[in-house]
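Q: First the structure, then my questions, so here it is.
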Amino acid sequence: MSFNGITGDALRFLFENRMNNSKEWYDAHKADYKEYVHNPFTELINELAPTMLEIDSQLITVPSKLISRVRRDTRFTKDKTLYRDNVWLVFLRDKSLMSTAPCFWFGIDQKGSSYGIGYYGAEPASMANMRDMIVNRHPAFIMAQKYYEAQDKFIIGGEMYKRTKFPDQPENIRTWLDRKNIYFESVQNNFELAFSKELPEVLKKGFKELKPIYDFLCVVESRI
């Protein structure tokens, strides 16, 4: 199936599903979920798959493994709302490491969309390896930093320590070093991109541009 676009019906379904907060309501409207959410994201993944495999032949490209679940895991949270009002896709090598491995993502919520590369929650060992590679100016970091500082599409993010542990490093290096987690994202506070038929081409271009950072993160993980 070719990509036919994401529409406002997807967000409306997700919002109503969350507000009803009922398995009975979801079961009665499961066909809407498939039509408005699951199918467009499946089409998008299939459209992106060849490009993602060019970036890394080990990436998973099976849609059923890459689309976020509509039902939330409420076992370890005080918020017992059953369903989420957002949806995302990820490309990564190992689904069992969904939260701790570097991945490419695209997602929409009730405010807009975002896409990028990074960790949902990097392991401390990953960040320690990263800092060591940065301090020693590993060639993979030099390539990643060179790309990042030459563009203005993606912004570095991730919780930072309150006080730097590397006061002797230049400021542009500390912005990488002083983080508990790290990702690079482009945020759209509207739905112009999310609802555009050009979305696959924008994502292909952006993900290919992010390859130096992805390659750096893969080297980080290979050292664990």
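The values are calculated or read from the model by the stated rules, or taken from the named source; none is laboratory data. These numbers were taken from a predicted model, which means no experiment stands behind them. Neighbour counts are summed over all protein chains in view; Cβ atoms, including those assigned to glycine, are modelled from backbone coordinates with ideal geometry. For accessibility, only protein heavy atoms count, side chains too; no ligands or nucleic acids. Shrake-Rupley method; radii C 1.70, N 1.55, O 1.52, S 1.80 Å.
Q: Normalised by the residues of the chain, what does the relative contact order come to in percent, with Cα pairs under 8 Å and at least six apart?
A: Averaging sequence separation for qualifying contacts and normalising by length gives 22 percent for the chain.
Q: Taking springs between alpha-carbon atoms closer than 10 angstrom, which of Ser68, Ser96, Ser126 fluctuates most in the Gaussian network model of the chain?
A: The residue that fluctuates most here is Ser96.
Q: Once the convex hull of the alpha carbons of segment 15-107 is built, what does its volume come to per residue, in cubic angstrom?
A: Hull volume over Cα atoms, normalised by residue count, gives 100 Å³.
Q: About its Cα centre, what dipole magnitude does segment 14-155 give when the only charges are +1 on Lys and Arg Cβ and -1 on Asp and Glu Cβ, stated in debye to the nearest 20?
A: On the way: 19 positive and 18 negative charges, 98 e Å.
Dipole magnitude for segment 14-155 comes out near 460 debye.
Q: Using modelled amide H (1.01 Å from N, peptide plane; none on Pro or chain starts), what sits under 5 Å from the amide H of Met160, excluding residues fewer than 5 places away?
A: It is Lys180, by chain and number.
Q: Calculate for the chain the 222 nm mean residue ellipticity that helices alone would give, adding -39,500 (n - 2.57) per DSSP H run of length 4 or more and normalising by residue count, nearest 500 deg cm²/dmol.
A: The helix-only estimate for the chain comes to -12500 deg cm²/dmol at 222 nm.
Q: Using θ = phi - 60° and the Karplus relation 6.51 cos²θ - 1.76 cosθ + 1.60, list the HN-Hα couplings for segment 107-119 in order, rounded to whole Hz, with x at every Gly or Pro.
A: With coefficients 6.51, -1.76 and 1.60, one gets x, 10, 9, 6, 10, x, 9, 8, 8, x, 9, x, 9 Hz.
Q: Whole angstrom only: what separates the Cα centroid of segment 102-142 from the Cα centroid of segment 1-78?
A: Segment 102-142 and segment 1-78 have Cα centres spaced 23 Å from each other.
Q: With angles folded into 0 to 90 degrees, how steeply does helix 139-149 sit against the dominant principal axis of the chain? Use alpha carbons for both and round to 10.
A: On a 0 to 90 degree scale, this one is about 60.
Q: I would also like to ask the following. Between 0 and 90 degrees, rounded to the nearest ten: what's the tilt of helix 8-20 against the longest Cα principal axis of the chain?
A: For helix 8-20, the angle is close to 80 degrees.
Q: Roughly how many Å² is the accessible area per residue of the chain, as a whole number, for a 1.4 Å probe?
A: Accessible surface, normalised per residue, equals 53 Å².
Q: In the chain, which longest range has no GluC sites (Glu not before Pro) that are both DSSP loop (not H, G, I, E or B) and surrounded by at most 15 other Cβ atoms within 10 Å?
A: In the chain, the maximal stretch lacking such sites is 1-158.
Q: Can you sort Arg75, Arg131, Arg93, Arg163 by 1.4 Å-probe accessible area, starting with the largest?
A: Arg163, Arg75, Arg93, Arg131
Q: Could you please state how large a percent of the accessible area of the chain is carbon and sulfur, counting protein chains only and using a 1.4 Å probe?
A: 51 percent
Q: Working from Cα positions, state the angle (0 to 90°, nearest 10) between the long axis of helix 124-135 and the longest principal axis of the chain.
A: 40 degrees
Q: Working from the alpha-carbon coordinates of the chain, get Rg over Rh, Rh being the Kirkwood radius.
A: 0.99
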